[in-house]
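A.B. asks: Next up is a structure, given as structure tokens.
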Amino acid sequence: HYAEQLRFHVAEEILLGFDEMHQRECFHLDGKSDNIVVNHKGKIQLIDFGLSQFGTKGKVKGNNMGADPRPWLSPECYLAYYGMVDPSLDGAAIDAWSAGLILLELIYPGEIPFHEKKIEQIVCGPKPESGMRGEQLQHYFEGEIAKIPDLASPPFHSYLEVVAGLLTFDPAKRLSIG
């Protein structure tokens with residue numbers, strides 16, 4: 001049970017780190033497990049702020065984020081890159097998507113969620129106009145999350161509900177951090 005407690009503690013620290021940034025209108029925009037470290041006091045810290053942006057009322061420029069495909073990048077970043085949505089994006093929602101994938105990784109170490117297909121290929125297909133849209137995408141992500149087997153420990157059920165909320169396709173409906 002110690003391993004479960006440690007995972008929950010790490011997850012909580014990650015979410016608190018994102019929340020603290022968001023309260024300052026700063027958005028990481030490159031949240032991934034490689035950008036999380038444990039400091040000399042045993043505290044979890046977010047690092048590598050090279051892509052971070054300060055938002056105006058939470059909005060960040062998302063029109064160039066999809067140029068560098070990353071498994072943790074939220075679907076709306078690719079849509080903005082290909083000109084399919086307004087490039088003024090919700091920075092907190094982008095970080096929430098990344099946090100959801102990081103939390104999922106804590107349960108399944110070594111596996112990048114949705115690794116069989118890059119998010120860009122799912123969202124945009126071989127050509128931007130050929131990808132899945134709206135409800136079709138939401139059903140795809142819900143289906144992928146539903147494939148996660150129920151874990152033996154009851155605390156993991158609520159943990160997976162949080163992960164599913166963070167990985168909601170529609171950023172307006174996505175669970176917020178904080």
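The values are calculated or read from the model by the stated rules, or taken from the named source; none is laboratory data. Predicted model only: the values in this text are computed from it and were never measured. Reconstructed Cβ throughout: ideal geometry from the backbone, glycine too, with neighbour counts over all protein chains shown. Accessible surface is based on the protein model in full, side chains and every heavy atom, while ligands, DNA and RNA are left aside. Shrake-Rupley method; radii C 1.70, N 1.55, O 1.52, S 1.80 Å.
A.B. asks: Of the residues in the stretch 67-81, how many are open to solvent by less than 10 Å² (accessible area, probe 1.4 Å), closer than 13 Å to Asp30 by Cβ and at pLDDT below 85?
C.D. replies: 1
A.B. asks: Only residues that are assigned to a loop (DSSP other than H, G, I, E, B) and closer than 19 Å to Gln138 by Cα: list them for the stretch 64-81, please. Steps first, please.
C.D. replies: Our first condition is that a residue be assigned to a loop (DSSP other than H, G, I, E, B); within the stretch 64-81, this holds for 64, 68-74.
Across the stretch 64-81, the qualifying residues are Pro71, Trp72, Leu73, Ser74.
A.B. asks: Restricting attention to the stretch 82-104, which residues are of a type in the set (A, V, I, L, M), under 22 Å from Arg24 (Cα atoms) and either open to solvent by 10 Å² or more (accessible area, probe 1.4 Å) or not in a helix (DSSP H, G or I) (or both)?
C.D. replies: Result: Leu89, Ala92.
A.B. asks: Sticking with this structure for a sec: Could you please let me know if Gly42 is open to solvent by less than 30 Å² (accessible area, probe 1.4 Å), modelled with pLDDT under 95 and not charged (D, E, K, R)?
C.D. replies: Considered against the rule, which asks whether it is open to solvent by less than 30 Å² (accessible area, probe 1.4 Å), modelled with pLDDT under 95 and not charged (D, E, K, R), Gly42 comes out as no.
A.B. asks: Could you look through the stretch 6-39, keep only residues that are open to solvent by 20 Å² or more (accessible area, probe 1.4 Å) and in a loop (DSSP other than H, G, I, E, B), and pick out the one that is nearest to Leu166 (Cα to Cα)?
C.D. replies: Lys32
A.B. asks: Mind checking whether some residue in the stretch 53-61 is within 20 Å of Leu101 (Cα to Cα) and either open to solvent by less than 30 Å² (accessible area, probe 1.4 Å) or not aromatic (Phe, Trp, Tyr) (or both)? Show your work before the answer.
C.D. replies: Start the filter on the stretch 53-61 by keeping residues that are within 20 Å of Leu101 (Cα to Cα), which leaves none.
Scanning the stretch 53-61, I find no residue that is within 20 Å of Leu101 (Cα to Cα) and either open to solvent by less than 30 Å² (accessible area, probe 1.4 Å) or not aromatic (Phe, Trp, Tyr) (or both), so the answer is no.
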